[in-house]
Amino acid sequence: MSVIDTLYGVGKGRPARRQANLFSGDVSQCVGECVERTAMNMLAHAVDYDHWILAYSGGKDSSATVTVIVTLIQLGAIPAPKTLTVMYADTRMELPPLQAAARVMMDRLRAMGISVMEVVAPMDDRFYVYMFGRGVPPPSNTFRWCTPQIKVEPMTAAIADTVGRLGGRC
């Protein structure tokens, strides 16, 4: 029985929790199977790299991703890389409770010895500077300028800088 089976109670007579999987068409995959698939993918692809960088927004998806990867490492289901860096995209626009939850998560990661970097857009590209300083209208369903500018582009630049600093194998 694998560590993941033990963690999720697979094979112990307990009913597995089911979670819909939009990608395979199989709506009856349980959480343990999804975590097992994640571990298999990490073993197939990520272990070839010495340094791992995880992009973290503080939202539910990236929080789950970081939690699963760190847990798999702690359980020994996947080997730890030489370095693990979690990069937090701080837009300065998060709701206070979400910002607080992200800070707690980052503090816990740091306490475990995981490198955490906070990535912020340059001052001239931030939300309010762009709107009030340059007169650009606020984002809408038909005019979305903010996500690439205050989250994606700064994160892409920070990842490229880190990859370069670590020798290009991340």
Worksheet item: What number of residues within segment 45-67 are open to solvent by 40 Å² or more (accessible area, probe 1.4 Å) and part of a helix (DSSP H, G or I)?
Response: 8
Fill in: Close pairs from segment 41-65: first in contact (Cβ under 8 Å) with a residue 60 or more places away in the chain, partner aliphatic (A, V, I, L, M) and open to solvent by 30 Å² or more (accessible area, probe 1.4 Å), Cβ under 6 Å, at least 6 apart
His51/Leu166; Ile53/Ile159
Worksheet item: Can we say Arg126 is modelled with pLDDT under 90, within 26 Å of Pro148 (Cβ to Cβ), open to solvent by 80 Å² or more (accessible area, probe 1.4 Å) and not aromatic (Phe, Trp, Tyr)?
Response: no
Worksheet entry | Neighbours by Cβ (under 8 Å, 6+ apart or cross-chain): first from segment 128-143, within 18 Å of Thr91 (Cα to Cα) and among the basic types (Lys, Arg); second assigned to a loop (DSSP other than H, G, I, E, B) and open to solvent by 90 Å² or more (accessible area, probe 1.4 Å) | none
Discussion item. From the list Val104, Val86, exactly one residue is of a type in the set (A, V, I, L, M), within 16 Å of the chain's Cα centre (by Cα) and surrounded by fewer than 12 Cβ atoms within 10 Å (Cβ to Cβ). Which is it?
Written reply: Val104
Discussion item. Pairs please, first residue from segment 150-170 and in contact (Cβ under 8 Å) with a residue 24 or more places away in the chain, second anywhere and part of a helix (DSSP H, G or I) and open to solvent by less than 60 Å² (accessible area, probe 1.4 Å), Cβ atoms under 6 Å, 6+ apart in sequence or on different chains.
Written reply: Ile150/Phe127; Cys170/Val163
Worksheet, complete the sentence: (1) part of a helix (DSSP H, G or I); (2) modelled with pLDDT under 95 all hold for Arg92 apart from (1)
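The values are calculated or read from the model by the stated rules, or taken from the named source; none is laboratory data. The model shown is predicted, which means the values in this text are computed figures rather than measured ones. In this analysis, Cβ positions are derived from the backbone assuming ideal geometry, glycine residues included, and neighbour counts consider all displayed protein chains. The protein model used for the area step is the full one, side chains on, heavy atoms only, and it has no ligands, DNA or RNA in it. Shrake-Rupley method; radii C 1.70, N 1.55, O 1.52, S 1.80 Å.
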